[in-house]
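Q: Input: one structure, supplied below.
The values are calculated or read from the model by the stated rules, or taken from the named source; none is laboratory data. Only a predicted model underlies this, so the values are computations on that prediction, with no experimental measurement involved. Backbone-built Cβ (ideal geometry, glycine too); neighbour counts: all protein chains shown.
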């Protein structure tokens, strides 16, 4: 018994046309699985979307927070360096080196970003 390709195509086409009039939901349908927070590093409930103003506030607030974090890393690295000098058994050397490198990288990144912002501001003020 041979299969007629024309009839199979027309049957498929008629099925598509019959379902074309139904609106489709934008939300996916499927199984819903409850996810439990088992580790403190996992996010909690994040169902509510925040507006962009709530996330960062103003540009100045975001920059101030970033520079404060850079400063905190510098202070932490300095404190660990002092601890290893005065009491070598209180802190591991690799922890001091990691903290110092994190502080160095964050300071370099912050300086690069601030230089870029200053350069962009100067270019914008000179557009006349």
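Q: Which members of the range 82-102 meet the condition of being under 31 Å from the mean Cα position of the chain (by Cα) and in a helix (DSSP H, G or I)? Give the derivation first.
A: Looking only at the range 82-102, we keep the residues that are under 31 Å from the mean Cα position of the chain (by Cα), and these are 92-102.
Within the range 82-102, 93, 94, 95, 96, 97, 98, 99, 100, 101, 102 meet the criteria.
Q: Restricting attention to the range 82-102, and to residues there that are farther than 30 Å from residue 117 by Cβ and touching a helix residue (DSSP H, G or I) at 6+ places or on another chain (Cβ under 6 Å), which single residue is surrounded by the fewest Cβ atoms within 10 Å (Cβ to Cβ)?
A: Within the range 82-102, the first condition is being farther than 30 Å from residue 117 by Cβ, and the residues that meet it are 82-97.
Restricting the remaining residues to those that are touching a helix residue (DSSP H, G or I) at 6+ places or on another chain (Cβ under 6 Å) gives 83-84, 90-91, 96.
Details: 83: 15, 84: 17, 90: 9, 91: 16, 96: 18.
This residue is 90.
Q: Right, something else. How many of the residues in the range 48-76 are modelled with pLDDT under 70 and assigned to a helix (DSSP H, G or I)?
A: Our first condition is that a residue be modelled with pLDDT under 70; within the range 48-76, this holds for 48-56.
Of the ones still in play, those that are also assigned to a helix (DSSP H, G or I) are 52-56.
Matching residues across the range 48-76 total 5.
Q: Among the residues of the range 65-81, how many are farther than 13 Å from residue 108 by Cα, surrounded by 17 or more Cβ atoms within 10 Å (Cβ to Cβ) and either in contact (Cβ under 8 Å) with a residue 24 or more places away in the chain or out of contact with any helix residue (DSSP H, G or I) (no Cβ under 7 Å at 6 or more places or on another chain) (or both)?
A: Of the residues in that region, 1 qualify.
Q: Here's another thing I want to ask about it. With the structure loaded, tell me whether residue 105 is under 23 Å from the mean Cα position of the chain (by Cα), without any contact (Cβ under 8 Å) to a residue 24 or more places away in the chain and surrounded by 13 or more Cβ atoms within 10 Å (Cβ to Cβ) or whether it fails that test.
A: So residue 105 does not fit the description; no.
Q: Then there is this: If the requirement is being outside any helix (DSSP H, G or I), at pLDDT 65 or above and either exposed (fewer than 10 other Cβ atoms within 10 Å of the Cβ) or in contact with a strand residue (DSSP E or B) (Cβ under 8 Å, 6 or more places away or on another chain) (or both), which of these qualifies: 22, 45, 32?
A: The unique qualifying residue is 32.
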